[in-house]
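Taking it in order: structure first as structure tokens, then the write-up.
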Amino acid sequence: MPLQAPSFWWQKIGWKAAALWPISTLYGHIAARRMARKDRYHASIPVLCIGNFTLGGAGKTPTALALAKAAIAMGLKPGFLSRGYGGTNKGTLVVDPLIHSAHQVGDEPLLLAAQALTVISPRRKDGAKALEAQSVDLIIMDDGFQSAQLHVDLALLVVDSRKGAGNGFVFPAGPLRAPLTPQFAQMHTLLNVGTADQAMALVRRAARAGKPVLNATIRAFAVDPRLQGRVLAYAGIADPEKFYASLREIGADIVITRSFGDHQALSSEAIADLLKTADHNGLQLVTTAKDLARLQGSDVPNAQDLMQKSMVLEIEMAFDDPSAPGLLVRQAMEAGHSTRRTRFTV
């Protein structure tokens, strides 16, 4: 069962983090060596990677959707590349939202596939080849920055302004996927999401390194008035509190919350409890797009009933500079074409 990140990751270093430090050091060494690998697959088309420094959610998926929207507006054909985390499929697959379920392909790929062509693959090299065969103009890789399997033309790292790098330790002592130094070395641009100040150390470090820093916020749109009444909010994402805060910002009266593990598929008991509790208290059920995607096609008893009775808070990544998504796409395209011209003329 997927679990939430331990709270000590986001606190000052204590005994729990210190006790795990030896394992963390080994993990960080391995992660850094992996990121330094040179034998990466060079796709024939530009690759724009959206990653984050830490485990858990920082806003990668809404960022990917925003960049794909900008690419489409520019007349390009983008294609998403995802690992398909949480799905049972073990091969390379073009996602079809009309056929596939979250159980097969994961919840995030279903959201991406509603916007643009999406391929999932445990081996990103194979996924990139599948997108090349689909004649896309730009690969937008959702996550995979630390995997170092593909050559990346532009790496955009997303950071949550409320959490930053946490306690600064690498997993399992902290939330970092790899030490910060190799991550900063391969990052091209930093996207600071939110208005809190916990990520300022990362912002200052990026500025000192001459790396561009963009700012954005996650905002709700197309808000249904029913979401501004009395609700039962439930979520199985990396940071449910962020979802609850967004609901309160639009005026929702959150009477009851139910938080589940990140990417967790709901059991029949959990579904029955949600339906019964909402009905007994006269509450509107509301959840995230990812959670609703996990209910799509589920054969768990009452899953479709819960899906029909739940409303989604629609969100989007709003860049402080509205032209930023288009600029990032152009930079990725230019860097990709320049790199490929150089490789084939040397």
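So here's what we get for this one:
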| quantity | calculated |
| --- | --- |
| Candidate set: the range 120-147, residues that are in contact with a helix residue (DSSP H, G or I) (Cβ under 7 Å, 6 or more places away or on another chain) and farther than 28 Å from Phe171 by Cα; chosen: the one surrounded by the fewest Cβ atoms within 10 Å (Cβ to Cβ) | Leu138 |
| Number of positions in the range 147-165 that are modelled with pLDDT under 95, under 14 Å from Leu55 (Cβ atoms) and of a type outside the set (D, E, K, R) | 1 |
| Wholly enclosed strands (runs of 3 or more DSSP E) of the range 114-198 bearing at least 3 residues touching a residue at least 40 places away in the same chain (Cβ under 8 Å) and of a type outside the set (Gly, Ala, Ser) | 138-142, 154-160, 189-193 |
| Residue that is nearest to Met35 (Cα to Cα) [pool: residues in the range 157-173 that are out of contact with any Ser or Thr (no Cβ under 7 Å at 6 or more places or on another chain) and among the small types (Gly, Ala, Ser)] | Gly168 |
| Single unsatisfied condition, Arg208 versus (1) more than 15 Å from Thr288 (Cβ to Cβ); (2) surrounded by 19 or more Cβ atoms within 10 Å (Cβ to Cβ) | (2) |
| Selected residue [farther than 29 Å from Ala265 by Cβ, in the same structural domain as Pro182 (by TED's automatic domain parsing) and surrounded by 13 or more Cβ atoms within 10 Å (Cβ to Cβ)] from Ala64, Ala70 | Ala70 |
| Of all residues in the range 11-30 being among the small types (Gly, Ala, Ser) and out of contact with any strand residue (DSSP E or B) (no Cβ under 7 Å at 6 or more places or on another chain), the one that is nearest to Met141 (Cα to Cα) | Ala17 |
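Per-residue answers, yes or no, for (1) within 16 Å of Thr257 (Cα to Cα); (2) of a type outside the set (S, T, N, Q); (3) modelled with pLDDT of 95 or more:
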residue	(1), (2), (3)
Asp273	yes, yes, yes
Lys276	yes, yes, yes
Asp305	no, yes, yes
Ala332	no, yes, yes
Ser338	no, no, no
Thr342	no, no, no
Val346	no, yes, no
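The values are calculated or read from the model by the stated rules, or taken from the named source; none is laboratory data. Keep in mind that this is a model prediction, so the values were computed, not measured. Don't worry about glycine lacking a Cβ; one is built from the backbone with ideal geometry, like all the others, and counts go over all protein chains shown.
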